[in-house]
Amino acid sequence: MSDLPEHVRRNRILWDARACDYAGPGEAAWERPHPTWGIWDVPQSELALLPDDLAGKDAIELGCGTAYVSAWMARRGARVVGIDNSEAQLATARRMQHRHGLDFALLHGNAEEVPLPDASFDFAISEYGACLWADPRRWVPEAARLLRPGGRLVFLVNSFLMALCMPDEDGVAATDRLRRPAFGLHRLEFPGDFGLEFHPSHGDWIRLLREAHFEIEDLIEVWPSAHASTRYPFVTLDWARQWPAEEVWKVRKKTS
Ligand SMILES: C[S@@+](CC[C@H](N)C(=O)[O-])C[C@H]1O[C@@H](n2cnc3c(N)ncnc32)[C@H](O)[C@@H]1O
């Protein structure tokens, strides 16, 4: 543990403590026959985070938590690896594997340094996992290393605007006020025991992804339906119907 970067060490403590709150929602997501995404449960038919052709492909989930996304990929015929920094989150994932009779590899580790060979995967995904909690200067090049040429990386995170508007106080929803400067944000630490998040600006994401030899295929600003709901207190539906609270990046590793 002492050899981990500070943010990884602190986020491990946070997620080991938080895992009990994510077990129930994780179990419900494992039951879901059709994937839904993000805090508003937007259907796969709208956002298409998972490609249609996963059968027989090698896929990795970076920061898999309770590993329901990994389960959805395994059910679609992919050979799946999930990696997560929290042993407690993985304990739920293992329990769910047993309950659902699904077997895929689960690794306890840091998605910035995955102990697997170069070019092992066709597809990599992260939903509020490494893409939020790991340093993008480290996990993005690592994802590129793990992918084969032409392989895809998809991730879903809070929008940059959301990161600017989220209040410091826990349990309080964003308003139409900017709470912090955009320039120099990158790493965000809320007061209290909330761990460390990373929120690059759009320009920073584009530069990081291009430096890691990714082509950007899409950036989707998630617009929840008028009837959507969320268990997360930091944003209201009214807010998220006016401004993007979440965004999906879809990128592909260059072939040459
Ligand atoms: C909000 S959960 C997202 C996972 C999944 N979608 C879920 O809700 O269970 C965030 C996960 O990212 C993991 N995580 C944070 N930093 C990580 C890192 N550097 N490497 C791998 N996993 C990490 C945490 O341990 C946690 O399980």
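General remarks:
- Overall form of region 37-173 per C-alpha gyration tensor (a/c, 1.5; a/b vs b/c): rounded
- For region 61-194, relative contact order (Cα pairs under 8 Å, six or more residues apart, normalised by length) works out to 20 percent.
- Ranked by how many other beta carbons lie within 10 Å on average, peptides 192-204, 219-231 from highest: 192-204, 219-231
- Those residues of region 229-256 whose amide nitrogen sits under 16 Å from the label point placed on V172, 7 Å along Cα→Cβ: 233-236
- Peptides ranked, highest mean first, by Cβ atoms within 10 Å: ranges 87-99, 108-120: 87-99, 108-120
- Using the average count of surrounding beta-carbon atoms within 10 Å as a protection proxy, the listed peptides 171-177, 9-15, 77-83 rank, highest first, as 77-83, 9-15, 171-177.
- L153 long-range amide H proximity, modeled H, under 5 Å: A124, V251, R252, K253
- Taking every full run of DSSP H in the chain, the ones that stretch at least 27 Å from end to end by Cα along their long axis and average -1.0 or higher on the Kyte-Doolittle scale are 6-31.
- Volume in Å³ per residue [convex hull over Cα atoms, computed for region 1-71]: 122
- Modelled FRET efficiency - R0 51 Å, H34 with L4, Cβ distances, 0.05 increments: 0.90
- Zone of H227's modelled label, taken as backbone nitrogen in region 43-84 under 14 Å from a point 7 Å along Cα→Cβ: 43
- Rounded to the nearest whole angstrom, the semi-axes of the ellipsoid equivalent to region 178-233, taken from the Cα gyration tensor as √(5λ), stand at 24, 21, 11, largest first.
- Distance between modelled label sites at D118 and D193, nm, 7 Å Cα→Cβ extension: 4.2
- By the compact-protein rule of thumb, 2.2 N^0.38 Å, the alpha-carbon radius of gyration of the chain corresponds to a ratio of 0.95.
Computed from the coordinates by the stated procedures, all read-outs in this text should not be read as laboratory data. Please read all numbers here as calculations on a predicted model, not as lab measurements. Because the Cβ atoms are built from the backbone with ideal geometry, glycine has one as well, and the counts that use them run over all protein chains shown.
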